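Before any comments, here is the structure.
The values are calculated or read from the model by the stated rules, or taken from the named source; none is laboratory data. Here the structure is a predicted model, which means the values were calculated and not measured. All Cβ positions, even for glycine, are placed from backbone atoms using ideal geometry, and neighbour counts span all protein chains on display.
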Amino acid sequence: MRNVFLSAVISACILMSGCDGGGYKIDASNEETMTKSIEKIRNSLSEEKKAAFDEALQIVIFFEVGNQIGDIFSGKSINDKDVKEKYQKLIDKKSANDILKQAEGIKIKIAEKEKQEALDKIKELEKQLKKISWTEKEAEVNQLRGQLESLEADILAKKKQASELQVKIGMLREVESILEE
């Protein structure tokens, strides 16, 4: 597992060194072709697009590796080969635009999950608030109100972040349609 994680980190670092990518697609059939095809894509991109591509590729790879680490902690048995195959499958035959869209989708999923967790926490706090005797536990009520306000602020921030991500996706789609023309 450590070798696969190290391999993913090294691959991502190599990639850091792109957003249509010249129409090239990643060939993740093996480590060498994957690295070469990613470099080919990166070399066809402007510096600004390289940075966006690199970040998106990191998000996609590390999100999958992170899921695998989560599987280990939940007691599932996995091996290095499985992890490597999964993240290679995620990026195989993908263009720079595909990787950018995939990363934006992951960001949206994460933001939605965090938003739902915050909403669930608010519901739990509201339940706790109803159970509290106002005369006996006033300090606890004030503490819960503070937590509630903090969570509401977090939800607003997540909504804004999700909205910004939707705008970026729209912009990516516009760029993609222009590039397809």
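Some points to look at:
- All conditions in (1) surrounded by fewer than 16 Cβ atoms within 10 Å (Cβ to Cβ); (2) at pLDDT 75 or above hold for V9, with the sole exception of (2).
- Residue in region 102-117 that is more than 17 Å from I26 (Cβ to Cβ), hydrophobic (A, V, I, L, M, F, W, C) and modelled with pLDDT under 80 present: no
- Test result for I41, assigned to a helix (DSSP H, G or I) and modelled with pLDDT under 90: no
- Some residue of region 107-115 being of a type outside the set (A, V, I, L, M, F, W, C) and within 20 Å of L57 (Cα to Cα): yes
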